[in-house]
């Protein structure tokens with residue numbers, strides 16, 4: 001009867017454990033991160049007899065959890081993507097709201113300035129209209145500086161978040177490595193998986209996926225190796241790599257992410273980080289904050305350049321030549337803290353049509369300087385040799401390098417990033433607005449044709465001279481231009497209304513001239529201060545295609561910035577919503593496998609309870625048979 005007793009006892013103990021597992025599942029039905037556990041029973045090795053093998057009961061082989069690594073990685077991957085897009089959308093929406101406001105937005109403020117110019121053009125001698133223009137110039141400057149202040153605030157907050165996130169990642173990684181060690185020790189000691197520890201580890205990896213994209217790979221000893229971003233190891237067995245938030249070598253206000261390298265400098269892995277809130281913060285910095293700051297600077301430089309050039313081409317209300325209206329911050333060359341040579345860099349802006357909203361990195365290879373666009377990663381060709389007499393020219397700036405560089409020395413070139421910070425209105429009196437042209441024109445008294453001449457517009461103040469020129473028609477279809485000494489400076493065929501350019505200025509003659517008709521073009525006098533020619537030229541310049549290689553006006557550039565920010569924000573929001581849906585589906589799939597189903601557990605409880613009771617009955621029957629046998633022997 002020992003076989004009946006032993007097999008029944010094995011069943012009783014097995015189903016007792018099964019009920020314990022079921023009870024534990026029910027108790028943890030609402031526990032976050034709990035994976036439902038299953039008891040795995042196997043038939044005990046039977047005893048061979050002449051009649052055949054007789055069963056020896058049941059063994060509890062293991063207690064395992066319902067877990068699928070593929071599903072778990074799908075949850076983490078989608079969660080990481082969601083966190084990244086959601087972080088980007090949240091940050092970008094702040095910039096979008098700032099720029100697109102219908103009353104204080106960028107395009108509205110720029111249009112108000114142009115409207116003020118148009119008001120001056122209708123009443124060029126009006127002090128009141130001139131004061132409105134100066135006020136709008138101040139408003140435009142202040143609005144751009146307000147944008148810059150907000151961006152600076154967003155940037156400081158973002159850098160703080162990067163540092164905080166790195167600390168959180170390190171804490172989680174350390175705990176994962178510790179659990180890896182505990183899991184390996186537990187499996188090595190019992191040969192069984194410590195399910196509770198593994199659930200804890202999975203929860204930590206899920207948390208980690210909120211901060212950075214991770215891929216978890218389980219080793220043969222039960223330990224998980226965690227790789228982040230593009231494959232950089234973060235946790236290897238029981239060892240966690242230490243992330244380090246380090247100041248950027250070219251700009252100490254920016255935080256880069258490195259991996260501790262013993263006593264050496266950390267290995268920079270910023271470009272390898274993807275996904276999660278950390279990846280979203282880095283994308284926000286590179287795709288939203290930096291381009292917006294640079295684009296605002298590009299617009300500020302454009303406005304200042306156009307208005308200052310045209311001010312120099314005109315005459316103010318006192319009869320004096322116009323003075324610059326705006327000042328802007330200079331281009332920046334940020335040296336790396338790792339530079340070992342004695343070089344230094346100075347820069348000036350040149351052709352504003354070549355300015356972009358990108359930054360650049362100029363590196364000395366050991367034999368030559370090379371320029372790279374940090375946004376696109378593409379090499380940029382520089383002309384010139386980098387000397388004061390022959391500077392490097394690229395991306396709308398001229399670069400002069402002094403001193404001797406060492407191989408690897410580098411500078412971050414920022415053509416427009418600091419322009420808004422240094423922007424100000426230089427004019428203090430409405431009379432200083434140069435609405436009138438520096439030149440004047442008149443028809444000769446003896447002209448017999450119907451031709452009329454416009455007021456001259458100075459297009460190049462640097463080549464304009466305070467001299468008198470004569471446009472003479474040798475016949476109705478040809479003309480020549482002579483200076484005060486009678487020297488011919490230009491000849492051409494006449495076309496009514498076509499511009500005639502010389503001496504850095506342009507006029508147009510329309511109508512039908514007669515042979516011998518002439519017109520004089522010379523310096524204006526204070527009597528012409530009510531002229532609006534130059535302010536009309538300002539309006540035309542503000543709307544002309546002077547930006548982006550001659551393909552966009554200042555208004556276009558502002559609209560493009562607002563539109564690009566809006567599109568990026570909408571795309572990030574749509575992507576975040578899509579990834580949230582994907583994550584929910586992946587989470588549901590994992591929960592269907594790993595979550596506790598109370599109906600199933602209730603059914604198992606009844607099954608195990610009945611089996612337990614049956615085994616108890618078998619033990620009781622075994623005892624009764626045994627007692628009957630004893631009684632028969634001693635009877």
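Just so you know, all these numbers are worked out from the coordinates, no wet-lab data involved. Quick caveat, the model's predicted, so the values are computed rather than measured. Neighbour counts are summed over all protein chains in view; Cβ atoms, including those assigned to glycine, are modelled from backbone coordinates with ideal geometry.
The table that follows gives values for the structure above.
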item	result
FRET efficiency for residue 600 and residue 551, using Cβ-Cβ distance with R0 set to 60 Å, rounded to 0.05	0.35
Full-stretch length increase - residue 485, residue 104 - with 0.36 nm per residue and alpha-carbon distance subtracted	131.7 nm
Relative contact order (%) - the stretch 439-523, alpha-carbon pairs under 8 angstrom, separation at least six	44
Length added when fully stretched, residue 122-residue 428, from 0.36 nm per residue minus Cα-Cα	108.0 nm
For the chain, the Rg and Dmax computed from alpha carbons only, in angstrom	40.4, 162
Full-extension gain in nm, residue 592 to residue 510, via 0.36 nm per residue minus C-alpha separation	21.2 nm
P(r) weight above 15 Å for the stretch 226-285, C-alpha pairs, percent	52
Förster radius 25 Å - calculated FRET efficiency between residue 267 and residue 337, Cβ distance, rounded to 0.05	0.90
Three-way shape label, the stretch 1-75, alpha-carbon gyration tensor, a/c 1.5	oblate
Whether the stretch 370-447 is rounded, prolate or oblate, judged on the alpha carbon gyration tensor where a/c under 1.5 counts as rounded	prolate
Estimated distance in nm for a label pair at residue 44 and residue 477, the labels positioned 7 Å out from Cα along Cα-to-Cβ	12.1
Spin-label model distance (nm) - residue 221 vs residue 31, 7 Å beyond Cα toward Cβ	2.7
Length-normalised contact order of the chain in % [C-alpha pairs under 8 Å, at least 6 apart]	19
Relative contact order of the stretch 176-268, pairs being alpha-carbon contacts under 8 Å that are 6 or more residues apart, as %	21
Calculated FRET efficiency for the pair residue 613/residue 66, C-beta based, R₀ 35 Å, to 0.05	0.80
C-alpha center-to-center spacing [the stretch 150-216, the stretch 25-94] in angstrom	20
448, 482 arranged by Cβ crowding within 10 Å, fewest neighbours leading	448, 482
Overall Cα dimensions of the stretch 439-523, principal axis frame, Å, largest first	34, 25, 22
Computed [θ] at 222 nm, helices only, for the chain once each DSSP H run of length n ≥ 4 contributes -39500 (n - 2.57)	-15500 deg cm²/dmol
